[in-house]
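Q: Okay, here's the structure, questions in a sec.
Each reported figure results from applying straightforward, stated rules to the coordinates on display, with no laboratory input. Computed from a predicted model, the values in this text were never measured in an experiment. Cβ atoms come from the backbone with ideal geometry, glycine included; neighbour counts cover every protein chain shown.
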């Protein structure tokens with residue numbers, strides 16, 4: 001839940017609890033909810049082909065192994 005803003009973290013937790021019927025959700029459930037939220041609020045890539053930029057893979061599993 002770290003990549004989310006604090007207000008969104010609370011909402012993610014509530015969604016995870018709802019999914020399991022008001023029980024304590026497993027880490028897998030929470031991870032899935034967080035991933036859905038991240039995909040929903042994802043910022044589009046504004047870079048163009050041929051443009052030079054630096055990729056920082058910190059805290060982004062989609063960029064793992066693509067640093068440089």
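Q: Name the residue, out of 37, 49, 29, whose mean-square fluctuation peaks in a Gaussian network model built on the chain with Cα pairs under 10 Å.
A: Top of the fluctuation ranking is 49.
Q: In addition: Identify which of 35, 48, 15 has the largest mean-square fluctuation in a Gaussian network model of the chain, with springs joining Cα atoms closer than 10 Å.
A: In the Gaussian network model the winner is 48.
Q: How much length would be gained if the chain were fully extended between residue 39 and residue 5, taking 0.36 nm per residue of separation minus their Cα-Cα distance, in nm to one decimal?
A: Length difference between fully extended and current span is 10.8 nm.
Q: Can you compute log10 of I(q)/I(0) for the chain with the Debye formula, treating each Cα as one identical point scatterer, at q = 0.12, 0.15, 0.16 Å⁻¹?
A: Evaluating at q = 0.12, 0.15, 0.16 Å⁻¹ gives log10 I(q)/I(0) of -0.43, -0.61, -0.66.
Q: Taking only Cα atoms, what is the 0 to 90° angle, nearest 10, from helix 27-40's long axis to the longest principal axis of the chain?
A: The helix 27-40 is inclined about 50 degrees to the chain.
Q: Something else now. Give me the angle, in degrees from 0 to 90, between the Cα long axis of helix 6-19 and the longest principal axis of the Cα atoms of the chain, rounded to the nearest 10.
A: Around 50 degrees separate the two axes.
Q: Provide the FRET efficiency to the nearest 0.05 for the residue 27-residue 56 pair, computing r from the beta carbons and using R0 = 25 Å.
A: Calculated value: 0.45.
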